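Visitor: Sharing a structure below in C-alpha cells format, with a few things to ask.
Readers should treat all values here as calculations from the given coordinates under stated rules, not as data from a laboratory. What you see is a predicted model, and the numbers here were worked out from it, not measured in a lab. With ideal geometry, Cβ positions are generated from the backbone for all residues, glycine too; neighbour counts draw on all protein chains shown.
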Amino acid sequence: MPPLPRMTIGKTGTAILCSLTLLGACNSQDKKGMTKEAQLGLHLEGGLGYFTAGDLDRAQVQVQKGLALDHDNERLLLLLGDIHQQRGTTADIRAAEAIFRAHPAQHDFRVQLGLGIALERLGVLFEDAASAIRSGDRTTDALDPAKRADELESHAQEAWTECKACYLETLEIHLGNTKAVAGLVRVCALLGDEAASIRWGREYIEILKSASRVRQLELEDATLAANRESELKGAIALNDEATIKTHLHISTIYTRQENLQGAVDELGAVIAINPDLPQAYSRRAAIYFRLAQYQRASDTMNTFLKLSAHLPFDHPDIRQAYALLRRCKDALSAGDLVGSKN
C-alpha cells in the first residue's frame, strides 16, 4: 500500500467536487418541469433512502445528480461524506476527509464530527502501516524502513490530535453528542492519555444510562404501540452493549495500570448488566488469580466454563480456563500445606 499523504482542501476537495459535478451533469435536466429546489429535494430524499437501506452506490448516484445542480449543497455534501465513511476503504476515508474539510458549513457539528471520524480512521491506517513495516509484513521503498515507520506513526499522532480537537469542537456546538463522546474515549486512548479516556468513558456511560432511563419510562406507557415498544427495547439493548464495551475498556486500562481492584469492579458492572457474558468471568478470574484470591478465581472460572459449554474442549479459551483452574488448585493446595505446617 502506498504512503498515506495528508489531504489538502484546495486540491483534493476541489477535484472530488468537480468530478462529481461532471458525473451528474448529464442528468441535471431529467426532471423537466420541476424547480431546482424540487429536484434537489428529490435527489436528497432518494440518496437518504438508499443510504439507510445500505445501497451506497445508488445513494451516491443520487447525491452526484444533486451536486450537479448545486455543488455547494450542504446536506448533499454531508451525505456524500457519510457514504464514503460507510464504505470504509482507504480511498473512501481520504475522500471523506477532503469533503468534510471543504464543506461550506464548518460551524455544523456534523461536519466536525465527520472530519473527526475520518481522521481517527486515517490515524489507525497510519499506525497499522507502521506496525506492518516494523514486523516485516509490509515492504517499503524507503531506504530506512525504521525511519519510514517512525514517520507513519508521527502522522497517526497528528491525525488523532486533530481528531480530538474535532470531537471537542463537536461538543462545543452540540453538547452531549454521544458519537463525539465515544470518539473521545477511543482517541484519548490512542493518544496514550488513559486518564482522559477513562474520564470520557465515565461521561459516556452516564449519557447512555440517562438515555435508557428515558426510554424505560416511555416503555411503561400502557398505550404504547407494539412497533414503538420494539424500537425502544432495541435502543436500550444497544445502550447496554455500548455501556458494557466501555466498562471492559476501562477495566483493560486499569489492568494495565495494575489497578486490579478497579478492574474487578468494572467487570462487576459488566456482569450486573449482562450476567451471561463469558468473557467478563474469564477476565475477572484472571485478575482474582493475580490478587491471590484463588478460590474466587476458581469459582469465577467455573462460571465461565458453564457459560461456554457450547465451545469445543480444544478451544483456546477453554484450554486457558482449565490451565488457570489447575494453577488455582495448586496454589490452594500449597496454602493448605503451609497452614498445616504452621
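Visitor: Hey, what did segment 193-277 get for relative contact order, percent, Cα under 8 Å, at least 6 apart?
Guide: Answer for segment 193-277 is 27 percent.
Visitor: If exposed means no more than 16 neighbouring beta carbons inside 10 Å and the site is in a DSSP loop, what's the longest run of the chain without any exposed GluC sites (Glu not before Pro)?
Guide: Longest stretch, sites excluded: 1-219.
Visitor: So if R0 is 51 Å, what FRET efficiency would residue 35 and residue 302 give, r being the distance between their Cβ atoms, rounded to the nearest 0.05?
Guide: Calculated value: 0.15.
Visitor: Let me ask you something else. Place a label point 7 angstrom from the Cα of residue 334 along the Cα-to-Cβ direction, then list the residues of segment 291-318 whose backbone nitrogen is under 20 Å away.
Guide: 291-301
Visitor: If you don't mind, there's one more thing I want to ask. Output the relative contact order of the chain, whole-number percent, from Cα pairs under 8 angstrom with separation of 6+ residues.
Guide: Across the chain, relative contact order equals 8 percent.
Visitor: Place a label point 7 angstrom from the Cα of residue 195 along the Cα-to-Cβ direction, then list the residues of segment 150-176 whose backbone nitrogen is under 11 Å away.
Guide: The answer is none, because no backbone nitrogen lies closer than 11 Å to the label point.
Visitor: What number of lysine-lysine pairs in the chain show an alpha-carbon separation below 21 angstrom, given a sequence spacing of 8 or more or placement on distinct chains?
Guide: Close lysine pairs found across the chain: 13.
Visitor: Just checking my list (1) 170; (2) 239; (3) 213 against volume of the Cα convex hull per residue in Å³ computed from this structure; which label fits?
Guide: Correct label, based on the coordinates given: (3).
Visitor: In nm², what is the average projected area of the convex hull enclosing the Cα atoms of segment 160-297?
Guide: The number I arrive at for segment 160-297 is 10.0 nm².
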